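Read the structure below first, then the notes.
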Amino acid sequence: MDQYGIDELRQSMIKVLDSKSEQVVGSGFVIHSDGYLVTCHHVIYFLDWLRVVYQGKIYEAKWCEELSNPEVDIAILKIEVANAKAVRIIEPYTLDNPALIYGFPRSKLEKFPEGFDVPAQNIEPSVPLSTRRFFPITKHSSLTNPWNRLPETTSTFQSYRIRKSVDAGTSGGPVLVNVLRGVIGVVQCSSKEETYIIRWENIKEKLEILGIGVQKQEICQDVSNTNLEHLNSNFKEEYIKLLSNISSRVKSNSISSKRLDFTKLKTLLEALNFKEADIETDHLILRAVNKARHNLITSKDLSKLDFSIIYDIDCLWMKYSEGKFGFIVQQVIWNMLNNQSNKFDLHILAESVGWLSNDKWLDYNQFTFSLEAQEGHLPSFGYNMQPLHDWISSYNNFFSYVRNHLQ
């Protein structure tokens, strides 16, 4: 899965220029590869003509009236450029991850001509805000362009609030949630202590006209609150990448998942009773695939398994082991061991997670059922429930099943 962070975001940024001085008056960013840009309507409201700087070059911009919505302070512009670098637009299920506000504040441009980023920890939904707060009371008579249009005095927009202030010129810039690899909205305004963000839901229909879908993304709530600082930095990076990739397509607590009762598993994991939790995990998966006993698990059996069940099970394991145990952890370990190969070798993984010692498979009672175990040591996917040769075939099938849902 590819990275998406500030280096990628910078390639999408634009500066909005003043009509007279050609100084930077606001920020914006590319949302479509055909050259469609977004900024705040209040950034362009006073301008006689529209010019922007994208990747060091000045472009004449066109205001897209049919796509813009001054009532929620959104302006969509178009420049003539091929293969523009568009941001990833996402709508998070939860707001528990740190964000990065990026733009071109005038006070910072001399030292940071390529933009300035402000880290922010606390994102929260806000009550609807008045759109007119950054517009004049009445329209200036000299403003005659179609975009020189005031929103209605009663207009509001749905917003997020971030308890961090930014400088003038940042309006129209993106808010990046790095761990989710996407932009959650547009910077609208800032006070001394807070910044407000225009949510994508305000213009979802406009984005759909351009064929832009707003994807919901989350990292499982239980895992996003887990302290991962003790993990190796490379391991943690690969871990977060896989989590954000899977959570972009799987929402926990699905209908299928609700048919199973995870209470016993949660209770066992809370008590750090990892041996019984491993056995209960196996029972849950057997019920999910309608098997009465744990003999060979085939690919056909797994085709009946809703992956949200594995996701919910893994969230519990990763939370109560502080990121040490889980089926996704085993995938991370394999990626780090053999990232260049698509051919899975269970013996290599087994040596790394502690199932194999001196080329000999451990007896189940020799497993380490504590946090002293190696990363990925648990869950075992029914290691003790079937003959070893059947378990090897079952685990190979299951590993491929999980891997296919991570790609």
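Laboratory data are not the source of any read-out in this text; all were calculated from the coordinates shown. This one's a predicted model, so the numbers in the text were calculated from it and none came from an experiment. Here the Cβ positions follow ideal geometry from the backbone for every residue, glycine too, while neighbour counts run over all protein chains shown.
Would you mind ranking 361, 391 so that the residue whose beta carbon has the fewest other beta carbons within 10 Å leads the list? Don't skip to the end; give the middle numbers.
Details: 361 15, 391 23.
Going from sparsest to densest Cβ surroundings: 361, 391.
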Quiz prompt | Rounded tilt (10° steps) of 307-320 against the dominant C-alpha axis of the chain | solution = 90
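If the chain between residue 142 and residue 22 were fully stretched, how many nm would it gain, using 0.36 nm times the residue separation less the Cα-Cα distance?
On the way: separation 120, 0.36 × 120 = 43.20 nm, distance 1.90 nm.
That pair, residue 142 and residue 22, stretches by 41.3 nm at full extension.
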Quiz item: Relative to the longest principal axis of the chain, what angle (0 to 90°, nearest 10) does the C-alpha long axis of helix 274-288 take?
Solution: 80
Quiz item: In percent, what relative contact order does the chain have, based on Cα pairs under 8 Å that are 6 or more apart in sequence?
Solution: 13
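Are there trypsin sites (Lys or Arg not before Pro) in the stretch 287-378 that DSSP puts in a loop and that have at most 13 other Cβ atoms within 10 Å, and which ones? Intermediate results must be reported in sequence, preceding the final value.
Numbers: sites: 287, 291, 293, 300, 304, 319, 324, 343, 360; in loops: 291, 293, 304, 324, 343.
Passing both the DSSP loop test and the Cβ count: 293, 304, 343.
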Quiz item: Of (1) 50, 20, 18; (2) 33, 28, 21; (3) 33, 31, 21, which is the value of semi-axes √(5λ) of the Cα gyration tensor in Å derived from the coordinates here?
Solution: (1)
Quiz item: Which whole-Hz couplings ³J(HN,Hα) result when phi for each residue of the stretch 368-373 is put into the Karplus expression 6.51 cos²θ - 1.76 cosθ + 1.60, θ = phi - 60°, listed in order with x for Gly and Pro?
Solution: 9, 9, 7, 6, 7, 5
Quiz item: What residue among 366, 374, 188 shows peak mean-square fluctuation when the chain is described by a Gaussian network model with Cα springs under 10 Å?
Solution: 366
Quiz item: Based on DSSP H runs of at least 4 residues, each adding -39500 (n - 2.57), what is the mean residue ellipticity at 222 nm of the chain after dividing by all its residues, to the nearest 500 deg cm²/dmol?
Solution: -8000 deg cm²/dmol
Practice problem: Give a residue-ordered list of calculated ³J(HN,Hα) values for the stretch 15-23 (Karplus: 6.51 cos²θ - 1.76 cosθ + 1.60, θ = phi - 60°; whole Hz; x for Gly, Pro). | Solution: 9, 8, 9, 5, 5, 9, 8, 6, 7
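Taking the beta-carbon count within 10 Å as an exposure proxy, list 263, 39 from fewest neighbours to most.
Numbers: 263 8, 39 30.
Lowest count first: 263, 39.
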Quiz item: Could you give the angle, 0 to 90 degrees to the nearest 10, between helix 233-247's Cα long axis and the longest principal axis of the Cα atoms of the chain?
Solution: 80
Quiz prompt | Three-way shape label, the stretch 6-217, alpha-carbon gyration tensor, a/c 1.5 | solution = rounded
Quiz item: Between residue 163 and residue 149, what is the spin-label point distance in nm, taking each point 7 Å from the Cα along the Cα→C-beta axis?
Solution: 3.9
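Which ordering of 64, 315, 40, 189 is given by a fewest-first count of other beta-carbon atoms within 10 Å? Please list the in-between numbers first.
Numbers: 64 17, 315 24, 40 27, 189 20.
Final ranking by Cβ density, sparse to dense: 64, 189, 315, 40.
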